Amino acid sequence: MNAAERIASTLTARRTRDNAWIARCPAHEDRSPSLSITYIDGRVLVHCFAGCELSDILKALGMTSAAELYDDMCVIPDLAQQRRAQAARELEKWSETFLGIVCRTLRHLDEEIRFATSTIQGFEDGKFDRSAETETDSWNLLGKCVLLKQQCEEYFDILNGTDLHAKLELWRTVKK
């Protein structure tokens, strides 16, 4: 396996042609593939169309220098840095998945808030017979939904941001 194939497999890149791949850039929050990986004459050419510097891409891949882009160079990989880079990629994958869950939850909470609000308004307008138990249940539902919505909005902001430490803390909180 040459250097380009190792990088492509690490990033789960998609082959575009012989000796060429495209992948999500590990150096920034990439929603769609922007990193070009090309293998020519025993060396790897990488280019991020979003403008990431080579040093940032290498660091995110866990590489210590550009020498690792050449097949004939004998380079000892920094395993700790590679593990950190892999952990960052896995955290981003988790963030994307959890963001989908948070978005669905927010939509559901909006529906519940509208329902509770319309029920309470129905009591106030006299459309529904007042029942202390039902009215209390509606107010409790509204209060819980609003609090949960605020928490989900905080999660949404963290998951949409670029702060990996905040995402890691959220992951730790959610996984408890």
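Within segment 1-52, can you find the residues that are within 23 Å of LEU164 (Cα to Cα) and charged (D, E, K, R)?
ARG24, GLU29, ASP30, ARG31
Give just the number: which of (1) in contact with a helix residue (DSSP H, G or I) (Cβ under 8 Å, 6 or more places away or on another chain); (2) among the charged types (D, E, K, R); (3) over 30 Å from ARG6 (Cα atoms) does LYS167 not satisfy?
Among (1) in contact with a helix residue (DSSP H, G or I) (Cβ under 8 Å, 6 or more places away or on another chain); (2) among the charged types (D, E, K, R); (3) over 30 Å from ARG6 (Cα atoms), the lone unmet condition for LYS167 is (3).
Which residue, of THR134, THR162, is part of a helix (DSSP H, G or I) and at pLDDT below 90?
Selected residue: THR134, the only one of THR134, THR162 that is part of a helix (DSSP H, G or I) and at pLDDT below 90.
In segment 130-155, how many are surrounded by fewer than 16 Cβ atoms within 10 Å (Cβ to Cβ) and closer than 17 Å to ARG107 by Cα?
8
Restricting the first residue to segment 133-146 and requiring it to be assigned by TED's automatic domain parsing to the domain that holds GLU112, which pairs with a second residue that is in a helix (DSSP H, G or I) and among the charged types (D, E, K, R) meet a Cβ separation below 8 Å and a spacing of at least six or different chains?
Pairs that qualify, where the first residue is assigned by TED's automatic domain parsing to the domain that holds GLU112 and the partner is in a helix (DSSP H, G or I) and among the charged types (D, E, K, R), are LEU141/GLU112; CYS145/GLU112.
Please verify whether ARG24 is farther than 30 Å from TRP139 by Cβ, of a type in the set (D, E, K, R), surrounded by 16 or more Cβ atoms within 10 Å (Cβ to Cβ) and free of Cβ contacts under 8 Å to residues at least 24 places away in the same chain, treating the condition exactly as stated.
yes
The values are calculated or read from the model by the stated rules, or taken from the named source; none is laboratory data. Not measured: the values here are computed from a predicted model. Glycine gets a Cβ as well: all are built from the backbone with ideal geometry, and neighbour counts include every protein chain shown.
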